[in-house]
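Report on the structure given below.
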Amino acid sequence: MTKYPLLDKINDPADLRKLDRRDLSPLARELREFIVESVSTTGGHFSSNLGTVELTIALHYVFNTPDDRLVWDVGHQTYGHKILTGRKAGMPKLRQKGGIAGFPRREESVYDTFGTAHSSTSISAALGMAVAARVAGVKRKSIAIIGDGAITGGMAFEAMNNVGRENVIVILNDNDMSISESIGALNNYLAKLLSGRFYANTKKTAEKVLQHTPTFKEIAKRVEEHAKGMITPSTMFEEFGFNYVGPIDGHNVDVLVDTLKNIRQLNGPQFLHVVTKKGQGYKLAEEDPIHYHAASGKFDPKIGIAKPVPAADAKPKPPTYTQIFGEWLCDMARADKRLIGITPAMREGSGMVKFSQEFPDRYFDVAIAEQHAVTFAAGLAADGMKPVLAIYSTFLQRGYDQLIHDVAIQNLPVVFALDRGGLVGADGPTHHGAFDLSYLRCIPNMTVMAPADENECRQMLYTGMTLNSPSAVRYPRGTGPGVAIMKEMTALPVGKGVVVRELKGFDARRVAILAFGAMVKPATDVGEEINATVANMRFVKPIDHELIFKLATTHDYLVTIEENVVMGGGGSAVAESLAAQDLCIPMLQLGLPDRFVEHGDPAVLLADCGLNREGISKSIRDWFSRTATAIATHKAVS
């Protein structure tokens, strides 16, 4: 007998819509159990997916997907959606190379109508789809499912301000959580759930009393419109032009189906407020939704995701770069009372938990609002503070205009602690920090640093604090090579690299490898293998012109290596320096390719991009072969 009798019958939403309404609740139990079983073997986002099981079933049951468009925001709660839309068999390879993605992707399924992985984009996309349908004369619904954390993003409000009378349905998945606890005035406004229940109960009672007195009932309705704004979160959304419905129980599939069916019949913008619980149905995740936000690997569902407890005789694990930043932030805050720590809703991910506890008055989580985070930091710096903005590489892309206009043009001393530089793994192309060296080094007044090891990361962060101009320290996810960290903080000479390996003896092919950040370690290994000079460039901007001149005039070949796209990155900075100094020397630039790198294990992805030791060595040897052939051909022609 099958473990999932209902779920196994569903190959697409058309099969789901054939079920009897009475089967939907049992299906929800099966789907939730399957998600627990699946994620426990692959890892992945967990509690957010458990919280949207009933909502996902109801959406596909009521709406004619994929003709009706579902747009998920931020997209990490769509495992149930993937399972119900024909990808159940692909779950064992979730987020692995060659497997299905952890977020919606248009190329993966027609049911993934819009690729999402960052936040606050769904209403804009759904509005675009609604307008496209109207212009084309097609009758279909466009539905944005947005989390309470994501709706704090300014882009969501920009879209609501533009919605007009278009046929857009916005469903607010209100679980009082994004990744960390949701914060801010808007979240507090939405959190009036008890008041919402009070309002709903009062309204039902009043309707029963007044149903036989229509004149008085009409008067009461007008009073209700004013009173309701005081005790429910409806007024704000109604002012944007939406018909507000809710809050309703997001785990009662019957209520969801009935409500969605009613809303589907309405024209114009509709706003449905659904209250869910992150981790619903799995007690451990309900009790600790932050810890269960995502599973990094396999776990036993009966035991749960273990919190790391080192054995008494176990060697301490090397700290991650994120932990190094968190320790430095606390140490620096003790030394300088002007330091202000900022995060856009990534307290845990950015290593700021300890800082938030020790310095609560100097800790600011601004919610999922990267643009505001950057300009907020600029305002602090303009009045004498020393703001440190901890932000992921791909998230800073969302505040790029503010980075240029509000920070760099005014030359304000904001330190950007840029986490997740390079390939991050299973979250895929939306989360790889592939472009930061390129998009940062082209901005005037910026200092851009890339540490090769743990101690260098700490000293670079301190170096940034000593500058009276904007700076970024770009470090990767995970651990470094295991270099001891010096407690004392010392500023590094700005714009100066260091040679970490000298060419030994005589070699017919004198090669110098100029490496940036995490690529210094594999570059050094390759340098030992092929007998090459290796330089840790440290600074992407300002680039070390003197060191480049020295290496170019004492070697026959230069190789640059970076975990960033080749175009516009550190290698480009070296090439520009050579050109400015009228130096001509064969140079090979190694880095990430001109394509979006897929999801998968980071080590596997680096190997695919030729950025592990073997790949770097092969690229250099192949280049030597091509260069020798070209030189021989040129001599023969001459």
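Here, each number is a calculation from the coordinates, and none is a lab measurement. For clarity, every value in this text was computed on a predicted model and none was experimentally measured. Methodologically, a virtual Cβ is constructed for each residue, glycine included, from the backbone with ideal geometry; neighbour enumeration extends over all protein chains shown.
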What is the fewest-to-most order of Arg398, Arg17 by other Cβ atoms lying within 10 Å of their Cβ? Arg17, Arg398
Please order Cys609, Cys457, Cys442 by the number of other Cβ within 10 Å, starting at the fewest. Cys442, Cys609, Cys457
Give me the angle, in degrees from 0 to 90, between the Cα long axis of helix 214-231 and the longest principal axis of the Cα atoms of the chain, rounded to the nearest 10. 20 degrees
Provide the gained length on full extension for the span Asp601 to Asp556, in nm with one decimal, where the gain is 0.36 nm per separating residue minus the Cα-Cα distance. 12.6 nm
Taking neighbour counts of Cβ atoms within 10 Å as a proxy for exposure, in what order, fewest first, do Met460, Met160 appear? Met160, Met460
Distance (nanometres) between label positions extended 7 Å along Cα→Cβ at Lys3 and Asp67: 3.7 nm
FRET efficiency (Leu266, Lys97; Cβ distance; R0 60 Å; to 0.05) is 0.85
With every atom except the alpha carbons ignored, what do you get for Rg and Dmax of the chain, in angstroms? 27.7, 105
Helical contribution to [θ] at 222 nm, DSSP H n ≥ 4, -39,500 (n - 2.57), averaged over the chain, rounded to 500: -11500 deg cm²/dmol
The chain: angle of helix 613-637 to the longest principal axis, Cα-based, in degrees nearest 10: 50 degrees
Degrees, to the nearest 10: 122-136 long Cα axis against longest axis of the chain: 70 degrees
R0 = 45 Å: FRET efficiency of Glu239 with Ala136, Cβ-based, nearest 0.05? 0.90
For segment 321-474, what is the percent of antiparallel DSSP beta bridges, rounded to the nearest 5? 5 percent
For segment 498-637, size of Cβ-based charge dipole, Lys and Arg +1, Asp and Glu -1, in debye: 360 debye
How much length is gained if the chain between Lys504 and His405 is pulled fully straight, taking 0.36 nm per residue apart and subtracting their Cα-Cα distance, in nm to one decimal? 30.8 nm
Taking a quarter of the surface of the convex hull around the Cα atoms of segment 321-474, what do you get in nm²? 7.9 nm²
Compactness of segment 513-605 as Cα Rg over 2.2 N^0.38 Å, two decimals: 1.09
Dipole magnitude (debye, nearest 20) for the chain, charges at Cβ of Lys, Arg, Asp, Glu: 920 debye
The answer for the per residue Cα convex hull volume of segment 453-531, in Å³, is 116 Å³
Separation of segment 486-516 and segment 1-51 by C-alpha centroid, Å? 55 Å
Rounded to 0.05, the calculated FRET efficiency for the beta carbons of Asp331 and Arg29 at R₀ = 51 Å is 0.55
Antiparallel %, DSSP beta bridges [both residues in the chain], to 5: 15 percent
